[in-house]
Structures are given as structure tokens and as C-alpha cells.
Amino acid sequence: MNLEIEKKDQILYEEIHLRHLNLLVDLKNNHFNNWFFKMALINTFDDLKIFISKLEKNKYKCIIAIERKKIIGYVYTYPINNKKTCLKITSPTIIQESKYTSTRELTLNLIRHSISNKNSNTSNWFISSEVNDNDLISCSRELGFQPLQEIILWEKQTSNKYLDYNNIYSYEQINKSNIKSFLSFVRSNESIIIRNLLDLDYSDIYKRSDKECGMIKNKEGILLGILKDISYENQNVYSIIKGELWDSDINNLLGNIIQNLNAKGKNIILKTYSHDKKLNSFISDLNFLEIRQEVILVRNTLIKRVVKEKNLINKPWENIIGKINPQGNAYPSPMPIKF
């Protein structure tokens, strides 16, 4: 009896799926292999039908370049807002050089295929490029991307002990009671282009906030915010958003917050705008080292899509202008201006 139970425990009975592919490789029988592989595909896709039918259109894409049956490069695209109207394109990764084309041409074609999306809900793409990556910048510009802003990423070089906050200002984590005011603060301190490009709502703020995120406040309102940037994979990047009420008196509190943030053991990277000289100088004084500068390039399809609509040809100009709503997706357009 015990032997029978032991035998049953040693044998698994499962419907064949693609997860069993490694077992088929070990099976040295071409006849069975072909039939098993066909059934594995059928069974797997049958199970996926129900799952896929409940999902909206997938915006996570990986474009690969194949040469002589080998992957020589790839680029990854994913949404960074809840509405999935804005997609981040990672810098193309070249695994090995092509024997038939240049690295620049390979980069250009990877990006070109990543933006060939017919989904009308997607209107914005953006790429973060190091400022000295001339190939990536020129390829992006060739495909209609326009430079929007320059940012600086900072990394701490030495650890510090926890410090006490002062009593003049307060620091609050993001929660249900203050998320409305925090979202308004973020929107009000971004340009109209970036505001419409990111198209953030409350769910996006929740997605981007963790225990490290929050805001410095006083009686007048929010002075500064810290929010996680999810457009960086496998990195803890936090944007420092400085408001119009910025006062140098909050430097001590901000310094304490940043030091405490870094002292928790995470590999924290801070993100600031390159034009904010005072804030960048302050971050540098906290013993953060500038690790790189990046330029953000964006591509918008709204204007191009509206202009191409055939039913606009015989319509009054006022109706056409009405469709290009400044409160919708913003410039820059994918059509470069010619002087």
C-alpha cells in the first residue's frame, strides 16, 4: 500500500503546455516531439483566451532585431500613466553589431517599429537619452521626436545618520486626504506640454507613491513634493518637484528628508531639472554626485491624426480648430517645423 502511494507521488499528470518545453527537448523522438509541441500550443492558447479576453489592449511591447537566427538588439515600450496614452521607449539595446547595417540604422529601425501603433488611444511617446548620445538623439529627431527638457540624475556617495525635522514646516506622506491637493500641485508646477503629455490622475499618483514620497507644507500650501518616477526600470528614481512657494528656509528640512531617504539602505537616485541651478547646487552640497544628464524627447500624434482625417477637407476652419483642443494632448507635433 505504501509503495503504491509512493509511486503516485512520483508521477505528475498534467495537461501539456508550453511550460513543458524543456521536457520535449529531452524527448529524443521527432514524431512525438512534433505532435506534443502542437498540442502544447493549442492547450496553452485555449487557457489564455479567457485571460486575454478580460484584458484591454496590451501596451507592453518588446521589439527585437533578428539576424542569422540570433537576437542582436531590442527595445522595450511600456505605459507610464493609467490611461496608457503616454508610452516610454527605452534606449535601444544592441547586443551585438550587425554585419549588414550600422548601429545607428539598427537603432533607428528599432524605434521606428516601436512607434508603429495603430491604437488611437496612444498619442504620446517619449525617450530619455543621455545628452551625449548623438545617435539616439538624431534617430529620435528623424522619427519626429522633439527635445522637451533636460534633467539631471543624482546619486548619494556616502551614507548619513537620521536627522530630526524642524518644527516650522511639516512633511506629509501622500494619502487619501491630501492626494487631491498633491495632484494639483504637480500639475501646476509642470509646463502645459508636460502636463498634457503625462496626463496624470489620482490612480497614477497612487501608483508612483510609496513610503518615501510626500510633500513639504506650511500654512500657505505645498512647497515641495517628492514622487517616484516609474519610467526607470529597476531603479529607485525620485523626482523633486519644487513649487512657486519655495523658500530657502525649508532647505534644512529638505536636507533631513533626503538624508533619511538615503539612510534607509535603498540605492536612491534623485531627479531634478537641469535649469534649476539653486536646487541642483543644494543637492550637490548634500554630497550627491551627478551621474548623468538626460534629454527628454517626445512624439505626439494628435495633430497629425486630425489633419489626416478625410472628413475635415470640406469642413469650416473653425471646426478643425475646435478638434485641436489645447486641453487635450499637447505639442510638440511629430511634424518638424520647416523654416
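The values are calculated or read from the model by the stated rules, or taken from the named source; none is laboratory data. This structure is a prediction, so every number in the text was calculated from the model and none was measured. Cβ sites come from the backbone with ideal geometry, for glycine too, and all protein chains shown count toward neighbours.
I need the full set of residues from the range 187-216 which are in contact with a Cys (Cβ under 7 Å, 6 or more places away or on another chain) and assigned to a loop (DSSP other than H, G, I, E, B), in order please.
D199, the sole residue that qualifies.
Within the bounds of the range 288-302, is there any residue that is surrounded by fewer than 16 Cβ atoms within 10 Å (Cβ to Cβ), over 19 Å from the mean Cα position of the chain (by Cα), modelled with pLDDT under 90 and more than 20 Å from L148 (Cβ to Cβ)?
So the first thing to find is which residues in the range 288-302 are surrounded by fewer than 16 Cβ atoms within 10 Å (Cβ to Cβ), and the list is 289-293.
Now drop any that are not over 19 Å from the mean Cα position of the chain (by Cα), which leaves 289-291.
From what is left, the residues that are modelled with pLDDT under 90 are none.
Looking for residues that are surrounded by fewer than 16 Cβ atoms within 10 Å (Cβ to Cβ), over 19 Å from the mean Cα position of the chain (by Cα), modelled with pLDDT under 90 and more than 20 Å from L148 (Cβ to Cβ), one finds none in the range 288-302, hence no.
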Residue in the range 129-145 that is surrounded by fewer than 17 Cβ atoms within 10 Å (Cβ to Cβ), assigned to a strand (DSSP E or B) and of a type in the set (S, T, Y) present: no
Count of the range 225-245 residues which are touching a Leu at 6+ places or on another chain (Cβ under 6 Å) and either among the acidic types (D, E) or assigned to a loop (DSSP other than H, G, I, E, B) (or both): 2
Residues (farther than 17 Å from K219 by Cα and buried (at least 16 other Cβ atoms within 10 Å of the Cβ)) located in the range 238-253: Y238, S239, I240, I241
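Looking at this structure, is I222 in a strand (DSSP E or B), at pLDDT 90 or above and in contact with a Ser or Thr (Cβ under 7 Å, 6 or more places away or on another chain)? I'd like the intermediate steps shown before the answer.
Numbers: in a strand (DSSP E or B): yes; at pLDDT 90 or above: yes; in contact with a Ser or Thr (Cβ under 7 Å, 6 or more places away or on another chain): yes.
Against the criterion (in a strand (DSSP E or B), at pLDDT 90 or above and in contact with a Ser or Thr (Cβ under 7 Å, 6 or more places away or on another chain)), I222 qualifies.
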Test: residue in the range 250-264 that is out of contact with any Asp or Glu (no Cβ under 7 Å at 6 or more places or on another chain), modelled with pLDDT of 90 or more and either over 27 Å from R292 (Cβ atoms) or not acidic (D, E) (or both): no
Selection count, the range 63-94, where residues are touching a residue at least 60 places away in the same chain (Cβ under 8 Å) and outside any strand (DSSP E or B): 6
